[in-house]
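One structure below.
The values are calculated or read from the model by the stated rules, or taken from the named source; none is laboratory data. The shown structure was predicted, so the numbers you read here are calculated from the model rather than taken from an experiment. Here the Cβ positions follow ideal geometry from the backbone for every residue, glycine too, while neighbour counts run over all protein chains shown. Ligands, DNA and RNA are excluded from the accessible area calculation, which covers all protein heavy atoms including side chains. Shrake-Rupley method; radii C 1.70, N 1.55, O 1.52, S 1.80 Å.
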Amino acid sequence: TQGDTSRASLATIGGTGVFAAALREALLAGECDLVVHSLKDLPTADHPGLRLGAVPKRADARDALCARDGLTLATLPEGARVGTGSPRRIAQLRAARPDVVAVDIRGNVDTRLGKVASGELDAVILAAAGLGRLGRGDAVTELLELSDWPTAPGQGALALEVRRERGDRDLERGLDAVDHAVSRAMVFAERLVLAGLEAGCSAPVGATAFMEDEL
């Protein structure tokens, strides 16, 4: 989709829903029966023809710093160049370390990590969940704790979206089997914050829900 292939900034190519729109069109057209989104990329407004069929158990919701020479956010030298495509991460970086330079970048995980390896950047900030799913946890030099560095609403969670009418029995049974009630409740709370602020993925908003006595 355009969100995956474009190298323009998120604000330039439309922000909210840029990753989801083409997949949703395919789902509504019957070209597929289920689509999997990164939940943080899904618009908060309900779609009249679609429903959230399941939210599997959430992975690590934290952001990860991947820096040269094992550096951390605190030990990055003054003037270090840190890459990210997220307005929220850029704002947080400027608040935490106003002496470093935030560089707006796009591209897949390997492309971004390659900019550190080549010396073009001193570090990049990525989602820990994405790095874990790709087996690139070795690149992490620091995990940024949610208490100090809240992440995007829904980060670390997947959204399994289906057409609003119920599908066949096997599909519905499969959705029920992978749906995780605690994860769904937490990301729903975070997304309510985003909806209340009327903010999309181009806005620098972080929100993290915590639940005591998880089921």
- Message: With a 1.4 Å probe and all protein chains kept in place, how much accessible area does Lys57 have, in Å² rounded to the nearest 10?
- Response: 150 Å²
- Query: Do the sum for the chain: with -39,500 (n - 2.57) for every DSSP H run of n ≥ 4, divided by all residues, what is the mean residue ellipticity at 222 nm, to the nearest 500 deg cm²/dmol?
  - Reply: -8500 deg cm²/dmol
- When the accessible area of the stretch 121-210 is computed with all protein chains present and a 1.4 Å probe, what percentage of it is carbon and sulfur? 55 percent
- Using heavy-atom solvent-accessible surface (probe 1.4 Å) with all chains present, what is the largest-first order of Phe210, Phe19, Phe188? Phe210, Phe188, Phe19
- Item | FRET efficiency, Glu25 to Ala203 (Cβ-Cβ, R0 30 Å, nearest 0.05) | 0.80
- Expressed as an acute angle from 0 to 90° and rounded to the nearest 10, what is the orientation of the C-alpha long axis of helix 181-197 relative to the principal long axis of the chain? 70 degrees
- Query: Dipole of the chain (Lys/Arg Cβ +1, Asp/Glu Cβ -1, origin at the Cα centre): which of Leu175, Ala199, Ala185 lies farthest to the positive side?
  - Reply: Ala199
- Query: Put +1 on the Cβ of each Lys and Arg and -1 on the Cβ of each Asp and Glu in the stretch 53-132; which of Thr111, Cys66, Leu126 then has its Cα farthest toward the positive end of the dipole?
  - Reply: Leu126
- Item | Heavy-atom accessible area ranking, 1.4 Å probe, most first, across Glu120, Glu142, Glu161 | Glu120, Glu142, Glu161
- Query: For the pair His180 and Asp33, what calculated FRET efficiency results from E = 1/(1 + (r/R0)^6), where r is the Cβ-Cβ distance and R0 = 22 Å, to the nearest 0.05?
  - Reply: 0.60
